[in-house]
1. For the range 57-92, which positions are in contact (Cβ under 8 Å) with a residue 24 or more places away in the chain and part of a helix (DSSP H, G or I)?
2. Hey, among 97, 129, which residue is farther than 27 Å from residue 42 by Cα and of a type in the set (Ser, Thr, Tyr)?
3. Looking only at the range 68-78, decide whether some residue is closer than 29 Å to residue 163 by Cα, more than 22 Å from the chain's Cα centre (by Cα) and at pLDDT below 90.
4. With respect to residue 174, determine if the residue is exposed (fewer than 15 other Cβ atoms within 10 Å of the Cβ), modelled with pLDDT of 50 or more and more than 16 Å from ligand 1 (Cβ to nearest atom).
5. With respect to residue 142, determine if the residue is away from ligand 1 (no atom under 13 Å from the Cβ) and surrounded by 12 or more Cβ atoms within 10 Å (Cβ to Cβ).
6. Restricting to the range 93-135, what's the tally of residues that are surrounded by 11 or more Cβ atoms within 10 Å (Cβ to Cβ), near ligand 1 (Cβ under 10 Å from one of its atoms), outside any helix (DSSP H, G or I) and in contact (Cβ under 8 Å) with a residue 24 or more places away in the chain?
7. Got at least one residue in the range 72-79 being basic (Lys, Arg) and touching a Gly at 6+ places or on another chain (Cβ under 7 Å)?
8. For residues that are within 13 Å of ligand 2 (Cβ to nearest atom), among the hydroxyl-bearing types (Ser, Thr, Tyr) and over 10 Å from the mean Cα position of the chain (by Cα), tally how many sit in the range 131-152.
Amino acid sequence: MSRDDANGDLNTVIREHSEWLANQLHAQRASLFPPDAAKTMRRFTSGEAATLLDVNDSYLRKLHLDGKGPSPEMSSGNRRLYSAQDLQDLRELLEKTARKPGDYLPGRREGDHLQIIGVMNFKGGSGKTTTSAHLAQRLALKGYRVLAIDLDPQASMTALHGSSPNTTCKTAARFTTRSATRTPPRSARSSARPISRIST
Ligand SMILES: Nc1ncnc2c1ncn2[C@@H]1O[C@H](COP(=O)(O)OP(=O)(O)OP(=O)(O)O)[C@@H](O)[C@H]1O
Ligand SMILES: [Mg+2]
């Protein structure tokens, strides 16, 4: 076999292997992140709901028996299970009779500025996104209105929130590419300002 033939064979083998590997990676990604993949948040026990709302469990039980507020799901053991939406509905109900405004529905009042929280660490893979996601979810469960924006092409924040990152990843990549290579147009700059960064 001539040297050229041997090189040709080697190239064919390498190409076959790389195609096989690419197909395997694609199949694995498709099974892990199907386009319609979405997680749903678990329900909260009455004890957890009471802690998050800062009320007694017995008070929540009374509201339920009186037919006030949302109807939680009943487990097989006849335990009340509240969804995140139920918690929000309870907050709105409790706020109506709160001692002072914001006891149950915290957040910005007239004239308050938007609060921006940055999670920083110069080291990669040190838990910045994980911390941001937990912080965003915890604050949302405590009744705050939270906006988490994922501008990272890795899209791990998006995945942590239960959405398939495929489409978002492209959008983020486009955004970061544009912002990295040239100054964004004035319209994009002004619309980006209030967002700032909640995750990196
Ligand atoms: N407290 C923790 N305990 C154990 N593992 C953690 C903890 N926080 C994050 N991790 C894990 O560490 C890995 C990196 O976390 P994460 O993606 O949040 O880091 P990052 O700082 O955002 O990374 P990058 O610099 O790539 O954006 C993930 O696999 C995550 O599950
Ligand atoms: Mg990150």
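1. 60, 63, 84, 86, 87, 88, 90, 91
2. Just a single option satisfies the conditions, and that option is 97.
3. No - not one qualifying residue is present in the range 68-78.
4. In short, no.
5. yes
6. Total meeting the criteria: 1.
7. No: zero hits.
8. Selection size over the range 131-152: 1.
The values are calculated or read from the model by the stated rules, or taken from the named source; none is laboratory data. None of the values given here were measured: they were computed from a predicted structure. Methodologically, a virtual Cβ is constructed for each residue, glycine included, from the backbone with ideal geometry; neighbour enumeration extends over all protein chains shown.
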